[in-house]
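For reference, the structure discussed in these notes is given below.
The values are calculated or read from the model by the stated rules, or taken from the named source; none is laboratory data. This one's a predicted model, so the numbers in the text were calculated from it and none came from an experiment. Glycine also receives a Cβ, built like all others from the backbone with ideal geometry; neighbour counts cover every protein chain displayed.
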Amino acid sequence: MRKFLPYIILASLKRETLSIYELMHTVGPKFDIVLSAGSVYAITYSLERKGYIKRLPDVAVAKFTLTSKGEVLLETAKAEIPKTMPQIIAYLNS
């Protein structure tokens with residue numbers, strides 16, 4: 001599940017602008033996982049450096065939003081991830 005967290009974060013940010021704290025408390029319970037601020041920060045920092053998300057200026061608490069580059073990555077992931085699932089499931093069942 002954690003391998004897909006960047007994509008889950010992108011999808012969450014496509015829906016609404018969120019802070020790291022809000023991401024932790026939105027994504028974690030939805031997927032029944034405990035997320036630390038450090039792990040979410042590391043992912044958002046990486047996504048921001050690559051230009052997939054951007055930090056909103058002039059807000060007291062850092063909030064992030066999806067960029068057009070992030071939307072392209074998310075759409076690509078939505079198309080590619082389902083293609084790999086049968087291979088992963090077959091491998092797990094072997």
Handout entry: Which listed residue is at negative phi, modelled with pLDDT of 95 or more and among the aliphatic types (A, V, I, L, M), from Leu13, Leu35
Key = Leu13
Fill in the blank from the handout: For the range 54-86, the count of residues that are more than 15 Å from Tyr7 (Cβ to Cβ) and either at pLDDT 85 or above or touching a Ser or Thr at 6+ places or on another chain (Cβ under 7 Å) (or both) equals 11
Handout entry: Ala90 vs. criteria closer than 17 Å to Arg15 by Cβ, at pLDDT below 95 and of a type in the set (A, V, I, L, M)
Key = no
Handout entry: Subset of the range 30-62 (residues that are surrounded by 18 or more Cβ atoms within 10 Å (Cβ to Cβ), closer than 17 Å to Lys14 by Cα and not polar (S, T, N, Q))
Key = Val40, Ile43, Leu47, Tyr52, Ile53
